Amino acid sequence: MALKIRKYPDPILRRRAQEIKSIDAEIKKLADELVEAMVLAKGYGLAAPQVGVLKRMITTDVNDNLYVLINPEIVERGDENVEGLEGCLSIPRAEAEIIRPARVKVRALTPEGKEIALDDNGLLARVLQHEIDHLNGVLFIDYLNEAKRLSLLKEYERSQREGKTSKKAKATAAL
Ligand SMILES: [Zn+2]
């Protein structure tokens, strides 16, 4: 049974996730379940708080490269910012252009306990920033000005009420 993805405004999405102290069987199981939930939802990424687990773990699936990252940290950000369309599996069908650094370098541990460094200036960089934000209770809508955020959330709430029949059922930008 796949883990259920929590939807906005579930309060767990606003909480800070805890560092993972040791990679035991429970953590490895969580890694498998997180990947499964992301794949089923056809997302580019998913963070543990989105499945109700306040632990610092994310998974990403961009350009056929799958990563599970434990305690990921952004260690470098490029100077250049770029705008890109984002959505979120926890705020289905809501999308907005978000400005973020184009390039980031991230350090993390793999579920095998190995250190890994990812350096990217494309979609993966955006997904990594979006997912690491989830570990800190930050959502992509927080980057919008208030008017934009309110109109997006209004549309979101309406689409939640109307169910899954609404137009933008695009999973391509879902993070
Ligand atoms: Zn998200």
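If R₀ is 25 angstrom, what is the calculated FRET efficiency for the pair LYS42 and GLU157, using the beta carbon separation as r and rounding to 0.05?
0.60
Suppose R0 equals 22 Å; then what is the FRET efficiency for ASP10 and ASP64 from their Cβ-Cβ distance, rounded to the nearest 0.05?
Taking R0 as 22 Å, the efficiency between ASP10 and ASP64 is 0.10.
Would you work out if the chain is rounded, prolate or oblate? Take a ≥ b ≥ c from the square roots of the eigenvalues of the alpha-carbon gyration tensor; rounded if a/c is under 1.5, else prolate when a/b is larger than b/c, oblate otherwise.
oblate
Please list 129-140, 93-104, 43-54, 20-31 highest first by mean number of surrounding beta-carbon atoms within 10 Å per residue.
Peptide ranking by packing, descending: 43-54, 129-140, 93-104, 20-31.
Select from LEU89, LEU40, LEU118 the residue whose mean-square fluctuation is largest in a Gaussian network model of the chain (Cα-Cα springs shorter than 10 Å).
LEU40
Using a Förster distance of 22 Å, how high is the FRET efficiency between LYS29 and LEU54, based on the Cβ-Cβ distance and rounded to 0.05?
Values: r = 16 Å, r/R0 = 0.72.
Between LYS29 and LEU54 the formula returns 0.85.
Where does helix 123-135 land angle-wise versus the long Cα axis of the chain, in degrees 0 to 90, nearest 10?
It is inclined by approximately 90 degrees.
Assuming 0.36 nm per residue, please report the length gained on full extension of the stretch GLU19 to LYS148 beyond their Cα-Cα distance.
43.1 nm
Quick check: the angle from helix 146-162's long axis to the longest principal axis of the chain, C-alpha only, nearest 10 degrees?
For helix 146-162, the angle is close to 80 degrees.
The numbers here are math on the coordinates, done by the rules we state, and not lab data. Model, not experiment: these values are computed from the prediction. Cβ sites come from the backbone with ideal geometry, for glycine too, and all protein chains shown count toward neighbours.
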